[in-house]
Amino acid sequence: MDLTSLVQGGASGALLASLYVLVALGLTIEFSLLRIINFAHGDFYMLGAVAAYYLFAEVALPFPLVVVVAAVGGVILGFLAERTLFRRFHEDLLGAFVLSLGLAWVLEMAVVGKFGAYPKGLPPVVAGVSRFGQVAISNDRIMVIVVGSLIVAAISLYVTKSQVGRAMRAVAQNKDAAALLGINPVFVGTIGFVLGTALATLAGALVSPIFSVDPQMGVGLTIKAFVIVIIGGMGSIPGAVLAGILLGLFEGVGGIYVDNAQLAVLEFLVIILFLILRPKGIMGSAEA
Amino acid sequence: MCEGVEATPPGKLTAGSLPLSALGITVAAVICVALLSFPSLGGNNYQLRVASTLFFNVALAVGFWAVYLTGLLNMTQIAFVGIGAYTTAALAIHGHWSMWAAVPASVVAALVVGVVIGYATLRLRGSYFFLVSFAFLEVTRLFFTSFFKDQFGGTNGLTGVPRPPVLPVLGASVNLASPSGYYYLTLGLMLLTVTLIWRIVSSRNGLVLRALSQSDSLAESVGISSFRYRMLIFLTSTGLAGLAGSIYAYMNLVVFPTDFGLTRAVLVVVYTVVGGVGHILGPMLGASVITVLGEWLRRFGTLEQLAYGLVLVVVMLFVQGGLVSVPGRITKGSGRLPRSVARTAWKVRLQAMSSAAWRRRREE
Amino acid sequence: MTSVLELDAVTVGYGRLTAVRDASLAIRQGEVVALIGPNGAGKTTLVSAIAGLLRPISGTIRFRGRDITGMPAYRVLELGLGLIPQGRQLFPDLSVADNLLLGGYSRRARPGRDSMLQKMLDRFPRLRERLRQRAGQLSGGEQQMLTIARTLMARPEVLILDEPSLGLAPKIVEEVAEIIQEISQDGTSVLLVEQNVPMALDLASRAYVIEAGEIVDRGSRDELLQRESITAAYLGITDDPGGAP
Ligand SMILES: Nc1ncnc2c1ncn2[C@@H]1O[C@H](COP(=O)(O)OP(=O)(O)OP(=O)(O)O)[C@@H](O)[C@H]1O
Ligand SMILES: [Mg+2]
């Protein structure tokens, strides 16, 4: 085992980790507030990436602006989706799942119609690579890792320190008790959904210069995000952050030694073990 | 938990409380005869092929629905279809097993894996179960994609499954490898599935658990082990999925890992939800309508999937009880559970609440 | 004297189960009124309907003359009616400080929130010592204090307490009783739900008795203490409040 490839694996792991955490955060927040699993979450991420493709590769907006536009688009998208579709399915896990499955298909097929079914790449944003001794990392990857970590830190801070964030955690733990303190759980739930969706579209735009953009890119990530949400403890934000980092590093480093399919089977075994030995996840709370 | 609680049967809780009237039996018998004689009455090959697909899908939808009734969204079903199909294909190709040996072996293979998965997951809360079942579906597909490539063929799948044999039936001979042969195979699969599932679901425990599917502890307080009952239903559904997989292998003569992925699993959900979960006729109707519709939509390419997605969203938003609820809705308001089930739920709930077990549970 | 809270023939249920039928009661400004009754009588159901957690099937609930029937809980609180729910419904994974700050979430609580917080910490010094701890780690008594303090942050005009003595040691029960007395002396009207009848009748000037979903008796403390049905049914079993496991 040589150190260079280990560090190289760690670097790709950090990249995956940033992506996973950004996407899983939304899923876990939505679950904690509304008790729903949004299967279309990964497709919101895909929409962010597709939007970035058009805005960056075709309209040639500056990249930071592209990311902001994607996030704002996510806010609008999340608000509309919550109001028109998910509102009736709060607390209805099966119903919300089936609904979002339909939504995921509609989004994917609609994008196939417009964008085409095949992957497209974006030009680099920050061209070139940085070298750390033997290890070379592209500047785009460094950008994603840095920006991603900053956003995750900002969200964590918001959820722990702001009054709305505190209200979110309260609703997640005891909805009735929160309502008795003057917190409107439906309103807080909408905020959570909007935030989660915006994080997903933002993540899609942010990583679009690195991973190629295609209409199917969301499904796999939805599954990964589920895995992270389970391992972190359904609804736990610090759990999702930690599990996302672990999974990213595990895949980054593990990817050096085994192929993707073997990695996936291994991951599944880990999840099953996890659920049997520690059903509440690493940070699961009393009420999940 | 609630030891010492007598499971006093609340009222007339037998299969009879679901509408299985003389009229119903007559109608079912007439339909069966009609179905059995369809090929000899001159159904053409295209119609027979569509009918086989339809029966196959109905069987899957009913198996999925049964597990859904216990409050679990089971995405593993298609994985077990895959396990059945790959077992059959591998044994028939590499081991030269006959159909009579390969089919039961496939069911057993599905059941063995099913017992392990069931023990590991059926005690989990609904959301966890769904996620694990989902992951299992993916992993099974990946397993056939990249493990034991010599046996399973990797992404190229397994080709060259031997054709099913010619059967002597009542003096005549039925070629199983013909459109009418496949028609009878899938018809048999569907009838077997419907009968088995119906028997379990309309048993006393089935009725009560359906009624109480939101609350395990309540069910357990009236003396039903939801774990054991779920296991029974899950394994029945799993075994039937293995059988379906085996038949799938003999019908297509090739199997690919991608045949057993998310798309097919989602379609089964679509059948069930569109048809409605309130009655066994729901998944049957849903699978039938969508199979026929899909046959017609096929000419529109990707629009086919787009249409499925839209149908799903629209049904979820506006026709929550699915197609089976529409006649009831038009004649007398809506209602998701059939009345007999709702009534049972009500009785059991009342009884449970007045029972000591319920009180004890509340005070914990 | 006009009532601050007035229930007229309120019926509440869960699905098709009716848990409380035709309940009428009234609380006047500054009063402490008790609502007593055995397990499963419908006390929690009734107060949940008042606070807006459950929607009544029929009847009306008026708060200071305003019809609040079916109004969601978060709006009822803004009007000045607070409920301290049964079983200390804290946010166990949040810190004590966060729990208190959430008490200051409502618009009603916002002006002067910090001074109110200090007031609460002065009144409940044990909470000040444990500000950074998870609320779930507090003792039962401390948790009860935290739930009370949290609701008081919004300065309710009417406060409903649902079995605040449940599962607490006698010494803590006394402390809770003292706090209720103080709250009342500050001018807050109180509806006290209790199975601990001696405690309830000690604090309240009037009481309602609810059994099997119906209000079966009402009267002043002295009237009720005369009644054999009350003394036999409730005062006899008071050393087993709630029948905790
Ligand atoms: N969430 C619920 N769903 C269905 N029925 C309920 C629910 N909560 C309570 N009940 C039923 O409503 C009735 C009244 O219950 P409630 O909790 O209001 O009684 P209580 O007087 O507060 O009892 P306790 O002193 O034990 O708290 C009981 O028969 C109970 O079983
Ligand atoms: Mg109560």
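Overview of values
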| quantity | calculated |
| --- | --- |
| Search result, residues across segment A:62-113 that are among the polar types (S, T, N, Q) and without any contact (Cβ under 8 Å) to a residue 60 or more places away in the chain | A:T84 |
| Pairs, first in the same structural domain as C:G37 (by TED's automatic domain parsing) and more than 16 Å from ligand 2 (Cβ to nearest atom) in segment C:199-218, second open to solvent by 50 Å² or more (accessible area, probe 1.4 Å) and among the polar types (S, T, N, Q), C-beta under 7 Å, six or more apart | C:L203/C:Q181 |
| C:R130 vs. criteria more than 27 Å from C:V76 (Cβ to Cβ), open to solvent by less than 80 Å² (accessible area, probe 1.4 Å) and not acidic (D, E) | yes |
| Residue identified as away from ligand 1 (no atom under 16 Å from the Cβ), within 16 Å of the chain's Cα centre (by Cα) and outside the structural domain of C:V216 (by TED's automatic domain parsing) among C:G30, C:G103 | C:G103 |
| Pick from segment C:154-172, criterion part of a loop (DSSP other than H, G, I, E, B) and over 23 Å from C:R66 (Cα atoms), ranking: farthest from ligand 1 (Cβ to nearest atom) | C:A169 |
| Tally of residues being away from chain A (no Cβ under 14 Å) and assigned to a helix (DSSP H, G or I) across segment B:292-331 | 13 |
| Top-ranked residue of segment C:54-67 - restricted to ones that are open to solvent by less than 20 Å² (accessible area, probe 1.4 Å) and either assigned to a strand (DSSP E or B) or within 14 Å of chain A (Cβ to nearest Cβ) (or both), ranked as farthest from ligand 1 (Cβ to nearest atom) | C:F63 |
| Tally of residues being crowded, with 17+ Cβ neighbours inside 10 Å and within 20 Å of A:E108 (Cβ to Cβ) across segment B:271-296 | 5 |
| So C:Q118, is it part of a helix (DSSP H, G or I) and closer than 15 Å to A:N174 by Cβ | no |
| Single residue of A:V50, A:V67, A:V23 found to be touching a strand residue (DSSP E or B) at 6+ places or on another chain (Cβ under 7 Å) and in a helix (DSSP H, G or I) | A:V50 |
| Residues within segment C:118-148 that are closer than 18 Å to C:D93 by Cβ and without any contact (Cβ under 8 Å) to a residue 60 or more places away in the chain, tallied | 15 |
| Sole exception among (1) open to solvent by less than 10 Å² (accessible area, probe 1.4 Å); (2) within 30 Å of C:S139 (Cα to Cα); (3) within 16 Å of ligand 1 (Cβ to nearest atom) for C:L81, by number | (3) |
| Filtered residues of segment C:34-44 (kept if surrounded by 23 or more Cβ atoms within 10 Å (Cβ to Cβ) and either hydroxyl-bearing (S, T, Y) or more than 10 Å from ligand 1 (Cβ to nearest atom) (or both)) | C:A34 |
| Residues of segment C:12-53 satisfying the condition of being part of a loop (DSSP other than H, G, I, E, B) and within 16 Å of ligand 2 (Cβ to nearest atom) | C:G37, C:P38, C:N39, C:G40, C:A41, C:G42, C:L53 |
| Residue in segment C:107-115 that is under 20 Å from the mean Cα position of the chain (by Cα), open to solvent by 10 Å² or more (accessible area, probe 1.4 Å) and closer than 20 Å to C:L192 by Cβ present | no |
| Unique match (being on the phi > 0 side of the Ramachandran plot and more than 14 Å from chain A (Cβ to nearest Cβ)) among C:G42, C:G87 | C:G42 |
| Selection within segment C:1-27 - within 15 Å of ligand 1 (Cβ to nearest atom) and β-branched (V, I, T) | C:V10, C:T11, C:V12, C:T18, C:V20 |
| Boolean, C:S95 is away from ligand 2 (no atom under 16 Å from the Cβ), over 20 Å from A:P185 (Cβ atoms) and not assigned by TED's automatic domain parsing to the domain that holds C:R28 | yes |
| Those residues of segment B:236-256 which are over 11 Å from the mean Cα position of the chain (by Cα) and open to solvent by 10 Å² or more (accessible area, probe 1.4 Å), in sequence order | B:L243, B:I247, B:Y248, B:M251, B:N252, B:L253, B:V254, B:F256 |
| Those residues of segment C:68-77 which are β-branched (V, I, T) and assigned to a loop (DSSP other than H, G, I, E, B), in sequence order | C:I68, C:T69 |
| Selected residue (only one of A:I183, A:I151, A:I155, A:I191 is β-branched (V, I, T), modelled with pLDDT of 90 or more and open to solvent by 40 Å² or more (accessible area, probe 1.4 Å)) | A:I191 |
| Residue ID - modelled with the lowest pLDDT, chosen from residues in segment C:133-182 that are polar (S, T, N, Q) and within 16 Å of ligand 2 (Cβ to nearest atom) | C:S165 |
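The values are calculated or read from the model by the stated rules, or taken from the named source; none is laboratory data. Since this is a predicted model, take the numbers as computed values, not measurements. Here the Cβ is made from the backbone with ideal geometry for all residues, glycine too, and neighbour counts use every protein chain on show. Heavy atoms of the whole protein, side chains included, go into the accessibility calculation; ligands, DNA and RNA do not. Shrake-Rupley method; radii C 1.70, N 1.55, O 1.52, S 1.80 Å.
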